[in-house]
Amino acid sequence: MTSATTAARPSPPSGRGAGSRASLGAGAVLAAGALALVALSVAHLLQGSAAVSVAEVVRAALTQLPGAPGAGEDAAREQAVAVLLASRLPRLAAAVLCGVALGLAGTLLQSVSRNALASPDTVAVNAGAYVAVAVVAVTGVSLPFYAGGLVAFAGGLAAALLVLVVARIGADDPVRLVLAGSAVALALGSLTSVLLLLFPQDTLGLYAWGSGSTAQGGPDAVLRAAPVVVVGALAVMLLCQRLDVMGLGEDAARSLGVPVGRTRLLAVVGAVLLSAVAVTLAGPIGFVGLCAPVLARLLARGVPGLAPHARLLPLAALTGALVVVAADVLLRLLVPADVAANVPTGVVTSLAGAVLLVHLARRLGVVGAGGAVSGTVGGGTVSSSGTLASRRRVLAVAAVTATLLVATALAALLLGERVVLLGDVANWAQGLAGRQVSFALDQRVPRVGAALLGGACLALAGCLVQAVCRNPLAEPGLLGITPGASAGAVAVVLLVPGVGVWPVMGVATAVALVAFALVLRLAAGRAGLGGGLPVERVLLVGIGVSTAAGAVTTLVVLLFAPWSPQLALTWLAGSTWGRSGEQLLPAAGALLVGLPAALLAARVLDLLSLDDDVPRLLGVRLGRARLGLLALAGVLTAAAACAVGALGFVGLVAPHAARALVGGRHALAVPVAVGLGALLVCAADLLGRTLLSPTEVAAGLVTALLGAPYFVYLLRRSATSR
Amino acid sequence: MPLLPPALRLPAPRSRTLPALAAAAATALLLTACGTTETTAPAGGAETGSSTAGGAVTVTDERGAVELDAPAASVVSLEWGLTENLLSLGVDVVGQADVEGYNTWATVEPLDPATPDVGTRGEPSLDAIVALDPDLVVTTTDIDEAVIAQLAEQVPVIALRGSDSADPLGYMRSTVETLATATGTQDAGEQLLTDFDAKVADGQARLEAAGRTGAPFVLADGWDDAGAVSVRLYTPGSFVGAIGDELGLVNQWTEGGDPDYGLAATDVEGLTRISDPATTFVYGANDADGGSLFTDALAGNAVWQQLPFVTGDRVRRTPDGLWPFGGPASGSAYVDALVTAVTS
């Protein structure tokens, strides 16, 4: 700074004193963090499934020090040393390295996108790395460590760039980034699931990648990863000054001569490299890249000396290591060591991250990443290009949708391993069909019904959620309902063997609605539910609760049924397999009530999707309307979960397509969306059943694969239209 | 005649070909969908001419009583252990879930590779099962109850547990007896169980002759989880562990088994809890799965190298293709494998 500027502003009362105090404060915090890490590491080393006592481990460690008295010929001590060196030190080193890498990556992403919610998970880096590794494994090539890391890096970079480009990095809309990232991650995850299903022999050993565990078979992987992490960390430290300046804002940074675009690209590449190394070493450990930077920034707000990136980055690295090691220690404290060997660390970090995300969301507007997290939803209007559709066009669209729907439903009824024809269906309806035909139709009709009703309910719920949240990227599955239903269903099915259909559905619906009520309660905060529901908070809290429910489901499956997960997978896959007529009743009832209600409320929906003031001016009670419509969406989604399990993307894509075809008026768009949703899921179920028969691909995977490219196209279009 | 102003120019006639083509295609598709596929006149309930030898049969499975009009001749099996039992009894298996997997992992009773595949063991295709028109479907209770109920409405379904860790061998016997009664092969079933008992007695005698009665052992398999090895141990509650008990061997891993299959999990570090240095470490592997995990992937692991059975060279591999959740056929093969491993 020149003397002119220092003269223009009054200098702070104790200039140099404050600076050195800040440094002292920063140093103290870093030292305290390092001490905590050492303490946790010692605890980490003492935990494990070997029956080696603390005293033996300590003795073995001491004998390794140079100058110590020579180790005795005691075999037990040799074994203790071997356990320590071959099993626990690599595990600890992997935990620390992953924590450091993910902490740095998260901080970089948050700094360049000025979004407190950016992290390797939310920009789909892990999903991209996973699918790249799976694709290579399918070709039959087995890769050594560095080549595998390179493949993971390439995949992660492609996914991250896709998300960051379509979500318009740097814009003041943190929610958009999270939504885009979670949608892309969902699509890539489905692609990976399909590959694992189709090529089980080639992809053996990749199932654990979905989890993220620090367990190591030896020191090799850690020794190879360590140089990459160290080099990467040093390289990103070179960006510190530029990142500090970029925190002032894009324009200010440009005017100060910082090459913003290039810095962003370098930061993203660095972040993806670090994440790729972490993923190659230990699989995707979720949410560390979100927790560590947020905790670091919270500390930095209390201690001013930590704000510049030169100190923030090491602090974030330290915090990341602390989070992962603490998660491991906590897991082994709560769960017996043998079982803990199979429970991935990612489950604990996901639970912790979900709690942190909820906390963050409630303080929206206070915690920032150099830029304030906006308090309003900046998602733009929900309607499409804005032209009114003519009556002829609307009728044409309705006719075509109805015809396609009938045709697809008929095709789904007729096609399968046992092809039937319309005459057979007529016979079956009259009870005159032969045994084969009646059996085939008996189990096919509920499946087709489930697909149609589930798709319709999800599309309707999607319309409601998108109108209320005023964000075209919102999806009913993000409100915590579907993962809650899955968690409830899986828990009941695994804990109570041989339970019937009604108890499972009842518990699933109950847990789903409880999860939804929790989301609404947490999002409303102290103002209560009537005082206007801040919609982006609802979305973020919903994502947090969804993640927590997913982690709980994984934990339940691993603890209670590690050898027979099929019962759980049927619910989680989004499939119509084995559906009976009773499971359709909730969805049918919800649709019968929900569709007329939504049509009656079409005008309210139109007003809600404009902004906050117009409805108030026109006499609509904002809080009550939002609450009522969201509650209806919740009930519809829970009913759809009973019918088709955890099916994604329909609630996102169908309303969009409807609005693109017939315009933004909900009186027209809602029925068309319902028809399109039913059509999409029915077609996905048909394709999944018949393409690779007798192997069945779950309808949820097909909708994700079909819906993802369309969703990316949507994002691009809405990004360029502003 | 003056030219019409542009605003009043008549619009070009709308193309009618596309909707017409679409309508024609739709009609054509609809016409192909008409008709029926059943060649015989649909009567109320087709019969398969099974009212021959043997009258009605009732068996009890995990869900209750199952009634068959006659002993089943053609059976679809949805789990490998049950298939093995059926083949040992000489029953015709007309459909199987994951035929290729069966012929890789459970080869003691081989199945004709041309047998129709009805899908994966976790999610078999009900359509495919129906298309085969079986007399009976046998499955384990690992499949969703609602699905079993659906199947049971049309085809008799016998649902048994995969195993029972309270008494695995007793459950094996009751499984064989249930299947034998349902298929009218009671004589073959009795012979099968008698042969198995004789095999066990023979194994006990061989162990005594070699002076190895009461020898310590563990049976394990495992897989490579992207670098970390997971080990699965067979406690005395498992089928194979119970066979080891019958032979008089002492299983060194007794805790942590699940209530169905008696399996316990740990990692390589946990194997250090096996303290008896004379323990024989018996493991199962399959070349189709990438070969022997315990000798290849763990060869460089320092913890593995320190284990007493590794330093004492008491690591033995069982032959490929023995199914540890099977019936008397696999059981007899395991008797041989365990005796060979412990006495060699």
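Just so you know, all these numbers are worked out from the coordinates, no wet-lab data involved. Just so you know, these numbers come straight off a predicted model, no measurement behind them. Every residue, glycine among them, receives a Cβ derived from its backbone with ideal geometry; neighbour counts consider all protein chains shown.
Figures for the structure shown
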{"read-out": "Kirkwood Rh in Å, taken over region B:232-271 so that all alpha-carbon pairs contribute", "value": "10.1 Å"}
{"read-out": "Tail beyond 21 Å, pair distance distribution of region A:571-683 (Cα, percent)", "value": "42 percent"}
{"read-out": "Integer Hz, Karplus 6.51/-1.76/1.60 couplings in order for region A:490-496, x for Gly and Pro", "value": "4, 4, 5, 5, 8, 8, 10"}
{"read-out": "Value of Rg/Rh across region A:81-150 [Cα atoms, Kirkwood radius]", "value": "1.10"}
{"read-out": "Gain in span if fully extended, A:LEU265 to A:ALA667, counting 0.36 nm per residue against the direct Cα distance", "value": "140.3 nm"}
{"read-out": "Fewest-first sequence of A:SER87, A:SER693 by Cβ atoms within 10 Å of each Cβ", "value": "A:SER693, A:SER87"}
{"read-out": "In nm, spacing of pseudo-spin labels at A:SER23 and B:ARG63 (7 Å Cα→C-beta vector)", "value": "7.7 nm"}
{"read-out": "Table column - 3J(HN,Hα) (Hz), region A:177-184, Karplus curve with 6.51, -1.76, 1.60, x for Gly and Pro", "value": "5, 5, 5, 4, x, 5, 5, 5"}
{"read-out": "Nitroxide proxy distance, nm - points 7 Å out along Cα→Cβ at B:ASP112 and A:ALA396", "value": "5.7 nm"}
{"read-out": "Residue-count net charge about B:PHE294 - beta-carbon cut-off 11 Å; Lys, Arg +1, Asp, Glu -1", "value": "-1"}
{"read-out": "Quarter of the Cα convex hull surface for region A:178-303, i.e. its orientation-mean projected area (nm²)", "value": "10.5 nm²"}
{"read-out": "Shape box of chain B [Cα atoms, principal axes, largest first, Å]", "value": "119, 62, 31"}
{"read-out": "Over chain B: helical MRE at 222 nm, DSSP H runs n ≥ 4 each giving -39500 (n - 2.57), nearest 500", "value": "-10500 deg cm²/dmol"}
{"read-out": "About the Cα centre, charge dipole magnitude for the protein assembly as shown (Lys/Arg +1, Asp/Glu -1 at Cβ), debye", "value": "7660 debye"}
{"read-out": "FRET efficiency, 1/(1 + (r/R0)^6) with R0 22 Å, evaluated for B:ALA198 and B:SER344 via beta carbons", "value": "0.45"}
{"read-out": "Mean Cβ count within 10 Å, highest first, over the residues of peptides A:52-58, A:632-638", "value": "A:632-638, A:52-58"}
{"read-out": "Residue mean of other protein chain beta carbons inside 10 Å, B:20-33", "value": "2"}
{"read-out": "Packing-based exposure ordering (other Cβ within 10 Å, fewest first) of A:SER23, A:SER255", "value": "A:SER255, A:SER23"}
{"read-out": "Mean shadow area of region A:397-720, taken as a quarter of the surface of its Cα convex hull (nm²)", "value": "17.4 nm²"}
{"read-out": "Peptide A:429-439 - average C-beta neighbours from other chains (10 Å radius)", "value": "6"}
{"read-out": "Built amide H within the under 5 Å cut-off of B:ASP61, gap 5+", "value": "B:VAL66"}
{"read-out": "Computed log₁₀ I(q)/I(0) - Debye formula, equal Cα scatterers, no solvent, the protein assembly as shown, q 0.04, 0.05, 0.09 Å⁻¹", "value": "-0.24, -0.37, -1.11"}
{"read-out": "Cα-based convex hull volume of region A:93-363 per residue, rounded to whole Å³", "value": "123 Å³"}
{"read-out": "Cut-off under 5 Å, modelled amide H: who pairs with B:VAL250 long-range", "value": "B:GLY214, B:ALA215, B:PHE217"}
{"read-out": "Peptide A:417-428 - average C-beta neighbours from other chains (10 Å radius)", "value": "5"}
{"read-out": "Centre separation in Å (Cα based) which lies between region B:280-344 and region A:229-261", "value": "57 Å"}
{"read-out": "Stretchable slack from A:VAL58 to A:PHE560, in nm (0.36 nm times residue separation minus alpha-carbon distance)", "value": "177.2 nm"}
{"read-out": "Relative exposure of B:ILE158, B:ILE148, judged by other C-beta atoms within 10 Å (fewest first)", "value": "B:ILE148, B:ILE158"}
{"read-out": "R0 of 45 Å, Cβ-Cβ distance A:ASP220-B:ALA152: FRET efficiency to nearest 0.05", "value": "0.30"}
{"read-out": "Residues with amide H under 5 Å from that of B:VAL108, placed H, sequence gap 5 or more", "value": "B:TRP323"}
{"read-out": "Only Lys, Arg (+1) and Asp, Glu (-1) charged, at Cβ; region A:93-363 dipole about Cα centre in debye", "value": "640 debye"}
{"read-out": "Inter-probe distance in nm under a simple model that places probes 7 Å from Cα toward Cβ, at B:ASP313 and A:ARG624", "value": "8.7 nm"}
{"read-out": "Share antiparallel - DSSP beta bridges, the protein assembly as shown, percent rounded to 5", "value": "45 percent"}
{"read-out": "FRET E, pair A:VAL42, B:ALA166, Förster distance 30 Å, beta-carbon r, rounded to 0.05", "value": "0.10"}
{"read-out": "Shape box of region A:247-335 [Cα atoms, principal axes, largest first, Å]", "value": "55, 33, 16"}
